[in-house]
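Have a look at the structure below before the remarks.
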Amino acid sequence: MKQPGRQKELSAAELEEFFQQLALFFKSGIPAWEGLALLGEETDEANSELLRELSAKVSDGSNLSAAFLQSGRFPSYAIDMVRMGERTGRMQEITEALRAYYAGRDTLARELRTSVVYPLSMTGMVLAVIVVLIVVVMPVFEQVFQQLGLAMNPFSLSLLKFGQAFRQSALVILIVTVALVAVFLFLRFTKKSRFALLHAYDYSPITKKMAAITAAERFAFSMSLMLESGIYILDALHFAEELEESELAKARIDKLERLLEEGKPLQEAIFACGIFEKSYYGMIAAGLRAGTSGAMFMEVALRCRRDAEVRRQRLLSVFEPAMVALLCVLVGLVILSVMLPLAGILFGI
């Protein structure tokens, strides 16, 4: 769902805390506008104005999802999920699910900072040292070799030529780098760039399995709430499709709708559309036979969440050692770029 304007969205940590408190209010039977007003009095100055505005809009008769949308501070997923909660009357479950979702996002962000940012920053510093050695130090070694009447070894000579080419093109490289960074920062806020990132996430060999499981979790969770609320299954599927941002997931849900409209049994249609991996088929079949499709979808959603978390941890556990290995290779290049010319000078004397 498109939001009006473009303001800084709340962080995952802020959203986790917000939905945790909102879930407590719903559990206690406190109206949304009153709960938001209480939060506005207790929170920091940066977000108190937002909460007071939300409280005023809801007390004036606006839906909570509409108030979120008008504020421009909430992500589309949170708005759509709250809208589903309003439609199904399951706001407590929705806010608790959003708390868990953004807690996971916050944990993932911190893990990425630990596993990725530090190795990348170290790699950047080592690359800077290599560039200085190649551009500044290697020409000095060349002069020493010429004075001694010696020839540099092929590796050192190739580094020297690379440094000369880099020095001649330094301004062009700097301009191109700045331009690429500017384009990236601009595109990250556009709808097309988000679509491109989602497409890459869905189809990349590294992330496509995790993307499919995450989409299956969202689908199963939304279907559970809607079916438990008595919503007709085709209406529930239509709304679940609206919740999705991934075009691949939308296509799978659309296929499921078409199969059901053609008269195919629900179990066969679910297996044929490809939303879930085969490892979930037994659980789905058992739930449908028992006539507890709502509870079954919730169990599938919880299992999908666990499986997605395992895959994320596995991916991070592979990425961090790979970055460390790359860092070791770069450090080795630094040592070689200095030691080989020195060894050549020592052997030539």
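Got a sec? Charge dipole of the chain, +1 on Cβ for Lys and Arg, -1 for Asp and Glu; which of 54, 253, 205 is way out at the positive end?
With unit charges placed on the Cβ atoms, the residue in question is 205.
Just to verify a number: FRET efficiency for residue 254 and residue 114, C-beta to C-beta distance, R0 = 35 Å, to 0.05?
The computed FRET efficiency comes out at 0.35.
In a GNM of the chain with a 10 Å cut-off on Cα contacts, which of 246, 279, 48 has the highest mean-square fluctuation?
Judging by the Gaussian network model, the answer is 279.
Suppose we look only past 14 Å in the calculated P(r) of the stretch 1-95. What percent of the Cα-Cα pairs does that tail hold?
When all Cα pairs of the stretch 1-95 are counted, 65 percent exceed 14 Å.
In degrees, nearest 10, range 0 to 90: what is the angle between the Cα axis of helix 208-228 and the longest Cα principal axis of the chain?
It works out to around 10 degrees.
With 10 angstrom as the radius, rank 273, 304, 328 by how many other C-beta atoms surround their C-beta, starting from the fewest.
328, 273, 304
What angle, in degrees between 0 and 90 and rounded to the nearest 10, separates the Cα long axis of helix 118-132 from the longest principal axis of the Cα atoms of the chain?
Between the helix axis and the principal axis of the chain, the angle is about 20 degrees.
For the chain, what does the helix formula give at 222 nm: sum of -39500 (n - 2.57) over DSSP H segments with n ≥ 4, over the residue count, nearest 500 deg cm²/dmol?
-26500 deg cm²/dmol
Compute from the Cα atoms of the stretch 142-349 the Rg and the Dmax, the latter being the longest Cα-Cα distance, and quote both in angstrom.
Using the Cα atoms of the stretch 142-349, the pair Rg, Dmax is 28.4, 90 Å.
Using a 10 angstrom Cβ neighbour count of at most 14 plus a DSSP loop assignment to flag exposed GluC sites (Glu not before Pro), which longest range of the chain is free of such sites?
Result, exposed sites excluded: 1-261.
Using Cα springs under 10 Å in a Gaussian network model of the chain, which residue among 291, 274, 35 shows the largest mean-square fluctuation?
Of 291, 274, 35, the Gaussian network model singles out 291 as fluctuating most.
Under 8 Å for C-alpha pairs, at least 6 residues apart: give me the relative contact order for the stretch 142-349, rounded to a whole percent.
Across the stretch 142-349, relative contact order equals 28 percent.
Give me the extension gain from residue 292 to residue 42: residue separation times 0.36 nm, minus the current Cα-Cα distance, reported in nm with one decimal.
That works out to 85.8 nm of additional length.
Just 26, 145, 276 to compare: in a GNM of the chain, with alpha carbon springs under 10 Å, which one fluctuates most?
145
What FRET efficiency, computed as 1/(1 + (r/R0)^6) with R0 = 35 Å and r the Cβ-Cβ distance, is obtained for residue 147 and residue 169, rounded to the nearest 0.05?
0.80
Relative to the longest principal Cα axis of the chain, at what angle does helix 170-187 sit, 0 to 90 degrees, rounded to 10?
Relative to the chain, helix 170-187 is tipped by roughly 0 degrees.
Bear in mind these aren't lab numbers, they're just calculated from the coordinates by the rules spelled out. Only a predicted model underlies this, so the values are computations on that prediction, with no experimental measurement involved. As a convention, Cβ positions derive from the backbone with ideal geometry for all residues, glycine included, and neighbour counts pool all protein chains shown.
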